[in-house]
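Notes follow the structure.
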C-alpha cells in the first residue's frame, strides 16, 4: 500500500497541477451597443396628404373625402404635415373658368410642430358658391410652386 | 349681368368666410388680403371682423410692412389675424 501510495503521489501531483485554476481571463472591455434613437422626425416640415370634405372630426381630419360640393356647404381641406421646425402652410383657394382664375381666399398657418400635425383650412360663402370648378393649392413656406393641388366642383 | 358677376364675367367672392386651425401647438392663423383701391384698415376690419375699430389688430400684425396705418396701397398683401 505504501508503495502504491508513493507511486500514485506523482500522479496526484500532476492531476493537481492539471486542475490548477487558470487565472481568470481578463475582463473584456464593456461592449457598447449602439442604440437607435426613437423614431425621429425630419427637421424640415413637408406636406404628406391633402383631403377635401364637407366636415372634419376633432382631430381636424376630413370625415368623408369628397370632391363635389353643394353651393351652401363649407369646404374643408385637411392637410397632414410631417417634420419639425418653424413652417408656414398656405392654402390658396381659386375658382377656375377656362383660362381665367379668380382668387377665392388665401389663409396661412404659421406653426412650429414637434411631430406630425394635421391642419385644416375651410371656406364658406353665405350667398352660395357659384357652380363650377375650383382648386385649392397648398404651399409650404415661401415656395412659388404648390406642394399639392386638389381640384373640386360645386354643382 | 347677374348680381354675383363682376364685369370681367367672374363671380364675386368678397363675402367668402374662411378659417384654419392646426393640431400643432401655438399655431398662428391669418388670412392674406390684397389691398384694393379705396380700402382702408378700418374698412378691411369692418369686412373681416364686423368691427371697424379692430383696424389696430391688422396694423399690429403688419408693422413690418406698414409705417403709417393711414397709408395702404392697392396690391399690398396684408396679414389678417384670425378673429379672437
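The values are calculated or read from the model by the stated rules, or taken from the named source; none is laboratory data. These numbers were taken from a predicted model, which means no experiment stands behind them. We place every Cβ from the backbone using ideal geometry, glycine too, and count neighbours over all the protein chains shown.
Answer yes or no as to whether residue B:62 is in contact with a strand residue (DSSP E or B) (Cβ under 6 Å, 6 or more places away or on another chain) and free of Cβ contacts under 8 Å to residues at least 24 places away in the same chain. Let's see the steps before the verdict.
Details: in contact with a strand residue (DSSP E or B) (Cβ under 6 Å, 6 or more places away or on another chain): yes; free of Cβ contacts under 8 Å to residues at least 24 places away in the same chain: yes.
Taking the combined requirement at face value, the residue satisfies it.
As an exercise: evaluate residue A:115 against (1) surrounded by 14 or more Cβ atoms within 10 Å (Cβ to Cβ); (2) within 22 Å of residue B:23 (Cβ to Cβ) and give the number of the one condition it does not meet.
Unmet for residue A:115, out of (1) surrounded by 14 or more Cβ atoms within 10 Å (Cβ to Cβ); (2) within 22 Å of residue B:23 (Cβ to Cβ): (1).
When only residues in segment B:25-63 that are more than 14 Å from every other protein chain (Cβ to nearest Cβ) and in a loop (DSSP other than H, G, I, E, B) count, which is nearest to residue A:112 (Cα to Cα)?
Ranking the qualifying residues of segment B:25-63, first place goes to B:63.
Provide a single number: the residues in segment A:77-96 that are at the interface with chain B (Cβ under 10 Å from one of its Cβ atoms) and buried (at least 18 other Cβ atoms within 10 Å of the Cβ).
Within segment A:77-96, residues that are at the interface with chain B (Cβ under 10 Å from one of its Cβ atoms) and buried (at least 18 other Cβ atoms within 10 Å of the Cβ) number 12.
Could you grab me the full set of residues in segment A:114-136 that are over 19 Å from residue A:57 (Cβ atoms) and within 7 Å of chain B (Cβ to nearest Cβ)?
A:125, A:126, A:127, A:130
What tally of residues in segment A:52-61 results from selecting those that are free of Cβ contacts under 8 Å to residues at least 40 places away in the same chain and buried (at least 19 other Cβ atoms within 10 Å of the Cβ)? Can you show your working first?
Of segment A:52-61, the ones free of Cβ contacts under 8 Å to residues at least 40 places away in the same chain are A:53-55, A:57-58.
Going one step further and asking which of them are buried (at least 19 other Cβ atoms within 10 Å of the Cβ), we end up with A:53.
Summing the residues that are free of Cβ contacts under 8 Å to residues at least 40 places away in the same chain and buried (at least 19 other Cβ atoms within 10 Å of the Cβ) in segment A:52-61 gives 1.
Residues that are touching a helix residue (DSSP H, G or I) at 6+ places or on another chain (Cβ under 9 Å): which strands (runs of 3 or more DSSP E) entirely in segment A:89-155 hold 2 or more of them?
Details: elements: A:100-111, A:117-124, A:132-140, A:148-154.
Hits in segment A:89-155: none.
I'm trying to understand the selection: among the residues of segment A:21-56, which are at pLDDT 70 or above, in a loop (DSSP other than H, G, I, E, B) and within 22 Å of the chain's Cα centre (by Cα)?
A:44, A:45
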